[in-house]
Every structure is written in C-alpha cells, then in structure tokens.
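Below is one structure, written out as structure tokens, with a few remarks after it.
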Amino acid sequence: MVLFGTRKSVRESGEDESRFEPAREAYFSGKIKIVTTDGIPGREVKFVFGLVVARGYNPDNAFFGLVWLALEAGADAIVGYRESVAFHPEGDKHYSCYGTAVMLEPIKR
C-alpha cells in the first residue's frame, strides 16, 4: 500500500495553488472518475495505488489536492471517496479528503 498526503500547514507555507490547475482540468473534463463506492459499475480495477489524502483550510484545495495526488501516482479514478471537516477553537476549518487511487481497465467496445 502506498500512502500519499499533503503537508498539514499549507496555509502557513504560502503554497502556490496553481499546481492544482491540471487536477481541475482533469476533473472537469471527466478524465478522472471519483466515486464514494468501492468500484465503478462496468469497469474493473486494474491496479490499486493506495490511499491518497489531502488536507487544507479551503475545501477546493483539499479536493483538487487529492485529485492532483492521484494523477501524480498514475491513477485514473478514486474509489471510496470521503471528506470531513474539523473545526478549530480559533474558528478555522480544516478540510480533509481521502480515497483509494486506482487505475481502471480500458473500456471494452
């Protein structure tokens, strides 16, 4: 199993969010599938890369960070997608997104 994740202090590091642009494009164009179930109907899992986790103070950064990590691993889908939010005493919200990065078998026609 491979575990991927982002640094916990993304906000403090001043990290450039433009690195998530390929992830946005892949998600909105349908190049990567994201489902909450353990599989995608009609598609077989060819290879499992493992758990991918992304965190951030912004829900978009957490989500597209997750997509970016899966793409970097070579995945074309994330199965078992989950997300959560933690509330800090100072009023900040901390978003977490996670799932299993997989490669699907090509569609047979």
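All conditions but one from (1) over 20 Å from SER18 (Cα atoms); (2) free of Cβ contacts under 8 Å to residues at least 40 places away in the same chain apply to ALA62; the one that does not is (1). Counting the residues of the stretch 45-84 that are of a type in the set (A, V, I, L, M) and open to solvent by 50 Å² or more (accessible area, probe 1.4 Å) gives 4. Restricting to the stretch 1-42, and then to whatever is modelled with pLDDT of 90 or more and basic (Lys, Arg), can you tell me which residue is least open to solvent (accessible area, probe 1.4 Å)? Only one residue fits best here, namely ARG24.
If the condition is being assigned to a strand (DSSP E or B) and either under 13 Å from LEU69 (Cα atoms) or open to solvent by less than 60 Å² (accessible area, probe 1.4 Å) (or both), then the stretch 85-102 contributes ALA86, HIS94, TYR95, SER96, CYS97, TYR98, GLY99, THR100, ALA101, VAL102. Note on the stretch 21-38: residues that are assigned to a loop (DSSP other than H, G, I, E, B), within 15 Å of VAL52 (Cβ to Cβ) and in contact with an Asp or Glu (Cβ under 9 Å, 6 or more places away or on another chain) total 1.
The values are calculated or read from the model by the stated rules, or taken from the named source; none is laboratory data. None of these values were measured; they are calculated from a predicted model. Neighbour counts are summed over all protein chains in view; Cβ atoms, including those assigned to glycine, are modelled from backbone coordinates with ideal geometry. Protein only, heavy atoms only, side chains kept; ligands, DNA and RNA dropped before computing areas. Shrake-Rupley method; radii C 1.70, N 1.55, O 1.52, S 1.80 Å.
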